[in-house]
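The next block holds one structure in the form of structure tokens; read it before the comments.
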């Protein structure tokens with residue numbers, strides 16, 4: 001068990017992220033069902049005072065109402081994730097202990113009661129989330145195992161208890177992302193991962209679930225964006241959720257994240273500026289992350305003055321290490337473009353969360369710029385990369401072509417070729433994209449080892465677009481053989497998605 005904890009930190013972080021703000025429910029016919037549903041709807045729309053009053057009124061009538069106990073406890077968990085305040089964690093665990101005790105007592109008299117089994121599965125699932133967030137990983141794995149066991153018991157009794165599919169589906173998908181070298185260890189403790197089955201379970205919950213429908217739709221939106229890069233499907237789910245629950249800050253924030261991925265920066269900016277007008281003391285961390293994302297938007301727009309302002313705000317307000325590394329690094333870059341001193345930000349960029357690709361990249365790049373000044377060519381590469389983020393592909397190509405002819409750019413040709421390949425790919429000029437990807441591969445940059453595997457990816461996907469599956473498979477295999485480079489996790493996800501297209 002300890003071996004897993006020490007050597008699979010990325011997997012553990014994935015579990016925390018994938019369960020972030022989870023909100024499951026039940027499919028039983030517990031009276032008064034309509035009042036419970038009303039409380040859940042208030043929760044979805046971030047009307048927590050109303051939700052708390054609703055659950056409290058149910059508990060006054062029946063203190064042993066398992067579902068009211070369960071959902072009342074989840075309000076504290078939402079607040080813990082939104083603010084990172086320990087008092088909310090303690091409140092949640094205390095309330096969760098009470099729910100579990102009552103459920104176990106009920107189960108002793110009726111061991112096949114599917115509603116009670118479901119509550120136990122859901123309660124332990126939330127505890128896994130809480131323990132993961134608090135970095136108590138042994139407790140997290142134990143709670144995850146208990147949750148999975150109870151939910152599987154539910155489906156053994158009734159395969160049509162559709163809400164139970166959500167929790168099992170999330171666990172199966174998360175475990176499918178574990179490196180193959182650790183799968184045997186997970187199997188020993190009763191875990192198995194299957195991304196396709198996990199996704200199908202989530203679809204069942206989204207299509208047939210009662211109270212789990214909204215949560216399943218939210219997680220599908222996240223998985224399609226993060227692992228399948230299908231931004232259109234993700235947007236359909238998120239647009240529906242935002243329409244139904246316009247005051248849900250998480251759904252709003254997630255939509256802004258998606259718009260950045262879709263390179264629709266103006267839309268993301270408008271969403272975030274509106275979100276940041278909200279006054280809330282219970283979701284300080286989410287608001288801080290919104291400022292970080294808005295800083296990224298301005299950074300990608302090459303508006304370094306405004307980006308600097310919002311990175312500074314994020315760093316002064318965040319309660320976590322997550323993204324502090326990349327925020328400090330990009331803040332340093334902003335200062336470089338504004339001809340200000342940047343060294344202190346490169347130094348603080350060393351202290352982010354290295355489990356995150358962005359923070360790890362920030363640490364390593366900052367180490368370089370603490371040893372020497374950033375070059376003019378490197379600043380031009382950043383500026384051109386940002387043009388791609390803005391979908392200004394012609395402008396990026398012009399800028400990169402000029403840079404390619406600069407006498408000082410010789411050591412950066414591989415990066416220039418890769419960016420040109422990307423620009424032509426998104427213009428649907430796949431032959432040109434392939435040519436520049438091959439040029440990037442031929443340069444074999446020693447200082448930026450990430451360039452070549454990404455170049456092989458663009459060579460593969462461009463070949464596939466021209467219906468040359470044999471060449472696509474060849475370049476795919478080349479890309480898949482690389483390891484230990486910047487943004488390896490991102491590329492591995494891109495390759496998994498590409499493999500499905502090549503093999504169809």
Of the numbered conditions (1) surrounded by 15 or more Cβ atoms within 10 Å (Cβ to Cβ); (2) within 21 Å of the chain's Cα centre (by Cα); (3) modelled with pLDDT of 85 or more, residue 209 satisfies every one except a single condition; which is it? (2)
Every residue from the stretch 314-323 that is touching a helix residue (DSSP H, G or I) at 6+ places or on another chain (Cβ under 6 Å) and either surrounded by 17 or more Cβ atoms within 10 Å (Cβ to Cβ) or part of a loop (DSSP other than H, G, I, E, B) (or both): 314, 315, 318, 319, 323
Wholly within the stretch 411-488, helices (runs of 4 or more DSSP H) carrying at least 1 residues that are under 27 Å from the mean Cα position of the chain (by Cα): 413-426, 451-465, 469-480
Of the residues in the stretch 120-129 that are modelled with pLDDT of 90 or more and within 17 Å of residue 174 (Cβ to Cβ), the one that is surrounded by the most Cβ atoms within 10 Å (Cβ to Cβ) is 122
Can you give me the number of residues within the stretch 359-389 that are touching a residue at least 24 places away in the same chain (Cβ under 8 Å), in a helix (DSSP H, G or I) and over 17 Å from residue 304 (Cα atoms)? 11
What is the one condition in (1) within 23 Å of the chain's Cα centre (by Cα); (2) modelled with pLDDT of 95 or more that residue 492 does not satisfy? (2)
Does the stretch 236-253 include one or more residues that are modelled with pLDDT of 95 or more and farther than 24 Å from residue 166 by Cβ? no
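The values are calculated or read from the model by the stated rules, or taken from the named source; none is laboratory data. These figures come from a predicted structure and were not determined experimentally. Heads up, the Cβs are rebuilt from the backbone with ideal geometry, glycines too, and the neighbour counts pull from every protein chain shown.
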